[in-house]
């Protein structure tokens, strides 16, 4: 197995990406559950209850993030098999990052689900979004030195900033690690990435709340 | 000021060009069973949606238990219970879990929660099935569970949208027993929509809605008195000749009804019939006499039968429900 750099081979490089991918895919299920509730009528019971629409949207997001978390943790437990060593502090650091990624992507799913009423349509839209987001997020290859058009797509993809911090924590990314992402010449630190993905999640949640409120 | 549970003033709701609800006004007194009657598409469900804050009215206003449905949504929601036309249960939870969820979102104090859930499940005779997943329940059991859930937070007003649609007669009767019992024991105001005439007759007062407008509102007895006379339907060998004869002999206008032959109204039909049969010269094949029902009231007011449309839609709803289940 060839080394990419810093003594990190391709499988070790992929590993954090696979965790991110797993979390991302299951967090999208938040939207599915909303569409499902609508289709089976249960959403009506929720909408006429004396609770705010905001708490419904936020509750769904956090619920899906909570469900997505164990799937990520299961992958994380496989770390020794691919030669990635984990410390307790690494694991404790990754769990909130997984939750953040799941909540941010989950709120995107919720936003879509407030407008897309049928299960079939939702699944089509979800896959159309999810696969490009996965492939262009640095899960499968280092985002350094990509062709210009691809570079742009990777940089505007929010998933990139959700997966990067997981990799930074697992591979112990230093400030000059070749896996760091640079935007407009600025190298994104761990906290820079966290802020971007958190902001994305916040905006999606606000849009989802607004979309939910403005219905009927 | 009179203590009204529901006050509706010039309420209207448009969907684009369609005036689903077209400026209706009515009041429902506290503790009353109020029937909202009309064919499908008349605006019944839209009215309920507005009253329970799910839909915003285009104009006019509605006050439930003293709270405005637009400006005080949360207070309205806390004080009402709902049973929808279509199931709104979480099928993947058990009956008990559905009620627990409801108790939590409606702020039922945890000290009384378990006791109340048990009482409600006993009332609708589902306590034994409490730990079964709702997806295994029959249609009647689901509706009963929804009724129990709608009452769990002791709402002052209970909205029932076609509470017995698609259920067998036995279950319908059971559900009605609960509803009437509830009105008596808890003083709950009940607002229900239906297109079953026999059910509407159990209400204290009935409003008839057609094409978004209220066309009549009174208690069932007065409404039936509007039609007044008894209804005689006859089948003859020659209908046009029979119409002529009825007109010349009794000065009554008979009308031709495709299903029931000739129909005409007389005062005191029981005394009228023996003489009629003896002296009528056109050959009569069959005769029937009945008292006016709300069906006749509806027919008289709107010029249409309520039940024909109702049945068709009922079947459509059932087929729709089944195909939906097949997807999953």
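Among residues that are within 14 Å of chain A (Cβ to nearest Cβ), in contact (Cβ under 8 Å) with a residue 12 or more places away in the chain and touching a strand residue (DSSP E or B) at 6+ places or on another chain (Cβ under 7 Å), residue B:37 is not included. When A:34, A:69, A:24 are checked against the criterion of being within 14 Å of chain B (Cβ to nearest Cβ) and either under 21 Å from residue A:213 (Cα atoms) or assigned to a helix (DSSP H, G or I) (or both), A:34 stands alone in meeting it. Among the residues of the stretch A:72-85, not a single one is within 13 Å of another protein chain (Cβ to nearest Cβ) and part of a loop (DSSP other than H, G, I, E, B). Scanning the stretch A:193-215 for residues that are at pLDDT below 90 and out of contact with any helix residue (DSSP H, G or I) (no Cβ under 8 Å at 6 or more places or on another chain), which turns out nearest to residue A:93 (Cα to Cα)? Checking each candidate, the answer is A:210.
Residue selection: residue B:150 satisfies the criterion of being crowded, with 17+ Cβ neighbours inside 10 Å, within 12 Å of chain A (Cβ to nearest Cβ) and either in contact (Cβ under 8 Å) with a residue 12 or more places away in the chain or on the phi > 0 side of the Ramachandran plot (or both). Just checking, does the stretch A:25-40 include any residue being at pLDDT below 90, closer than 22 Å to residue A:170 by Cβ and buried (at least 22 other Cβ atoms within 10 Å of the Cβ)? Yes, the conditions are met somewhere in the stretch A:25-40.
The values are calculated or read from the model by the stated rules, or taken from the named source; none is laboratory data. Keep in mind that this is a model prediction, so the values were computed, not measured. Methodologically, a virtual Cβ is constructed for each residue, glycine included, from the backbone with ideal geometry; neighbour enumeration extends over all protein chains shown.
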